[in-house]
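To keep things clear, I will list the structure first and then write my remarks on it.
Just so it is clear, none of the values below were taken in a lab; they were calculated from the coordinates. What you see is a predicted model; the values in this text were computed from it and never measured. Here the Cβ is made from the backbone with ideal geometry for all residues, glycine too, and neighbour counts use every protein chain on show.
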C-alpha cells in the first residue's frame with residue numbers, strides 16, 4: 001500500500017515545521033482543525049456536568065492552542081516570505097478563522113457554560129489566572145454580540161468577515177506598492193552624499209534585478225539613507241513622493257487604499273453601533289486601561305501643549321539653519337531629515353553615519369543579551385538545527401539558573417517579499433499540556449540594513465533602540481510565569497499597557513555603562529571613542545519635541561478618526577488629518593501626502609483607536625525606569641522586582657495594579673517629559 005503523506009502542520013511539532021509544508025497543506029490543516037474543534041467544543045458542552053471547572057478550561061484551551069500552533073507559521077510566513085500561492089491560502093484561511101471565532105463569540109451554549117463556571121462550587125479553587133481568563137472570556141462574548149437579536153448577530157458576523165478581508169487587502173496593497181517601486185540609477189553622482197554602505201546596498205539591489213548601476217527601493221533602510229544623506233534634492237523629493245503616496249490614487253487603481261479606508265471605518269462604526277457604543281473609539285477602550293475617550297483626548301492634548309512650543313522652537317532653528325547654511329530658502333518636507341542631520345552634525349559633531357561602524361549587529365545583539373542577564377539573571381544562547389524560513393534567521397534559547405524558559409526566532413534584515421516595520425509575535429504560548437509545560441516561543445522581526453558581501457550589518461542607533469524595543473516585547477512574552485494561555489505573556493494585557501516592557505528596555509541603550517557593551521568598531525574592535533560617546537549623549541534630546549508632536553499627530557488622527565460616525569469618502573479622512581496637523585504639527589505635509597494610505601498600524605494591525613497606546617505606555621515605562629535611575633540602572637534587586645511585578649504576570653492581573661505594585665504609587669507623567677527633554 002502507498003504510504004499516506006503526513007501533513008507536517010497536523011503532526012503537532014514543538015517547533016513550527018518551516019520548509020516542510022506547502023501552502024496546500026496549510027490550508028488543509030486549518031480546515032481540518034477547525035472542523036475537529038467545532039465537534040470537540042460541542043462534546044465539552046454536552047459533557048460539562050461530568051467535568052470540573054479546571055478540566056473544562058484546560059480542554060477548551062487545548063483546542064485553541066492546537067489551532068494557534070498550526071496557524072502561527074502560516075501567518076508568519078505571509079509577513080516575512082510573502083508569495084502569490086501563500087497569499088491566496090492565507091486569505092482563505094483567514095476567512096475561515098474569522099468565521100470560526102465569530103461563531104464561538106456568539107455561541108449561546110458556550111456562553112452559558114462560561115457563565116455557569118462562576119456559579120460552580122469549585123470556581124473558588126481556580127487560580128487567579130483562570131478566573132481572570134473567565135472574566136475576559138465573558139467580556140469578549142459581549143463584545144462579539146452574544147446579546148444581540150439573531151438578525152443583528154448575523155449582521156455582526158458579516159461585518160467581521162468583511163473587515164478581515166479589508167484589513168488583509170490593505171496590508172497587501174502597502175506591501176505591493178512598496179515592492180513594486182524602484183529607481184534605477186546609472187550615474188553614481190546622483191547618489192552623492194550617501195554613505196558607502198548605502199551605495200553598496202544599492203549596487204547589490206541592482207545586481208539582484210540583473211541591472212547595471214544602482215537601484216534604490218522603498219524598503220525603509222534604503223529610503224531613510226536617501227532622505228538623510230542625499231545631496232541631490234530632486235532625488236530626495238522623488239523618493240519622498242513615492243513613499244508618501246504608496247497605495248494611493250497616485251498609483252495603480254487596484255492598489256489604492258482610499259476606498260478601503262472608508263469602508264473599514266464604516267464597518268467599524270457599524271460594529272460599535274450594534275454593540276451600543278457611540279463610536280469605535282469608545283468600543284476600543286473596552287479592553288484598555290484608559291477609561292473614557294475624553295481621558296485619551298485630554299492625555300494627548302496635555303502632551304501636545306507641553307511638546308508643541310518646544311517643537312516650534314526646534315523647527316524655527318532648523319529653518320534658519322537650512323536657509324543660512326544649506327541654501328534651502330524654502331524648507332520642504334523632503335529636506336527636513338537631510339537638514340536635521342546637517343544641523344545635528346554642526347551642533348553636536350555626531351551623525352548616524354559616524355556611529356554606524358561602531359554598532360555591528362552581532363555586537364549589539366550580544367551586548368543586549370548581557371544587559372538582560374545583569375538585569376534579570378537570564379542567559380540567552382544560540383540554538384542550531386531548528387528549521388527556519390531564511391538563512392539570516394537565528395534561533396535562541398532563554399535560560400534562568402540553567403533552566404530552559406523559552407525560545408525565539410530573530411529575523412533582522414529587510415528583503416524582498418517581507419513586510420516592513422518591526423514587531424514581536426508569539427509562536428507558542430506558555431501553558432500546561434497533558435505532556436507538561438509548553439515553553440513560550442517568540443518571533444522577533446525587524447527590517448534593518450542587511451550585511452554586504454564583505455561587511456556585517458551595521459546598525460543606526462535608531463535601529464539599536466528598535467532592537468531593544470522588540471526584545472522587550474519578547475521578554476514580556478517569554479518570561480511569563482502564568483500557565484493559562486489566555487492571560488499568559490502578552491495575552492490579556494491591555495493594549496495601552498503592552499508597550500511598557502518594550503519602551504522600558506530602550507532606556508538602557510542610552511546608558512554610558514551600557515554603550516561599551518553594545519558597541520565596538522566592526523573592523524578594529526576599538527570601543528566607541530569617549531569623545532564621540534559624549535557627543536552622542538549630548539545629542540539625545542535633539543528635536544525630541546518635533547518627534548513627540550509627530551507621534552501625537554498619528555495618535556490624535558487615529559483616535560479622532562474612529563470617533564467619526566459618518567465617513568463616506570476619502571476627502572473626509574484627509575480633511576481630519578489636515579485639521580489635526582494644523583493643531584499639533586510643526587512640519588506641514590504637502591497636499592499630495594497620503595500617509596494614511598500606508599498607516600498599517602490602524603488599518604491592518606491591532607492599533608485602531610489605539611495608537612495613543614505608545615504614549616500612554618511611555619508614561620509607564622519612563623516612570624518605571626526612573627526607579628532604576630534612583631536605585632541604579634543595574635540594581636539586581638530592582639530588576640528582580642520589575643521581573644516579578646511586570647514581566648512574569650502576563651494579563652492575569654490589572655495592569656495599573658501591577659505598575660503600582662512595582663513603583664509604589666500611581667504613574668506620573670513627569671519622567672516622560674524629563675526623558676524626552678521637554679522639561680529639565
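Observations on the structure shown:
- Over the C-alpha atoms of the range 1-102, the Rg to Rh ratio, Rh being the Kirkwood estimate, stands at 1.03.
- Note on the range 357-540: Cα-only Rg and Dmax are 16.9, 58 Å.
- Of all DSSP bridge pairs formed entirely within the chain, close to 80 percent run antiparallel.
- The slack in the chain from residue 292 to residue 49, taken as 0.36 nm per residue of separation less the alpha-carbon distance, amounts to 83.5 nm.
- For the range 21-159, the relative contact order works out to 29 percent when only alpha carbon pairs closer than 8 Å and six or more residues apart are counted.
- Förster radius 35 Å - calculated FRET efficiency between residue 564 and residue 103, Cβ distance, rounded to 0.05: 0.70
- Gain upon complete extension [residue 462, residue 22; 0.36 nm per residue less C-alpha separation]: 154.7 nm
- Packing-based exposure ordering (other Cβ within 10 Å, fewest first) of 432, 504: 432, 504
- Over the range 484-551, the pair-distance histogram of Cα-Cα distances with 10 Å bins from zero comes to 15, 31, 27, 20, 7, 0 percent, rounded to whole numbers.
- Ranked by how many other Cβ atoms sit within 10 Å of their own Cβ, fewest first, the residues 358, 522 fall in the order 522, 358.
- One chain, two ends: residue 241 and residue 135. Fully extended at 0.36 nm per residue, the span grows by 33.3 nm beyond their Cα-Cα distance.
- Label point distance in nm, residue 388-residue 278, each placed 7 Å from Cα along Cα→Cβ: 5.1
- Sequence of 675, 373 once ranked by neighbouring C-beta atoms within 10 Å, starting from the fewest: 373, 675
- Two-site label geometry, residue 592 and residue 330: point separation in nm, points 7 Å out along Cα→Cβ: 1.4
- Our summary gives the range 357-540 a relative contact order of 24 percent, counting only alpha carbon pairs under 8 angstrom and 6 or more residues apart.
- Remark: relative contact order (the chain) = 16 percent; criterion is Cα-Cα distance under 8 angstrom and separation of 6 or more residues.
- Helical runs (DSSP H, four residues minimum) scored at -39500 (n - 2.57) apiece and divided by the length of the chain put the mean residue ellipticity at 222 nm at -18000 deg cm²/dmol.
- When only alpha carbons of the range 181-246 are considered, Rg and Dmax amount to 10.6, 28 Å.
- Between helix 613-631 and the chain: long-axis angle, C-alpha atoms, 0 to 90°, nearest 10: 80
- Of the beta bridges in the range 357-540, as assigned by DSSP with both residues counted there, near 80 percent are antiparallel.
- If R0 is 56 Å, the Cβ-Cβ spacing of residue 399 and residue 165 corresponds to a FRET efficiency of close to 0.85.
- Its Cα gyration tensor gives the range 273-318 an equivalent ellipsoid. The semi-axes, each the square root of 5 times an eigenvalue, are 33, 10, 7 Å from largest down.
- Label point distance in nm, residue 435-residue 680, each placed 7 Å from Cα along Cα→Cβ: 6.2
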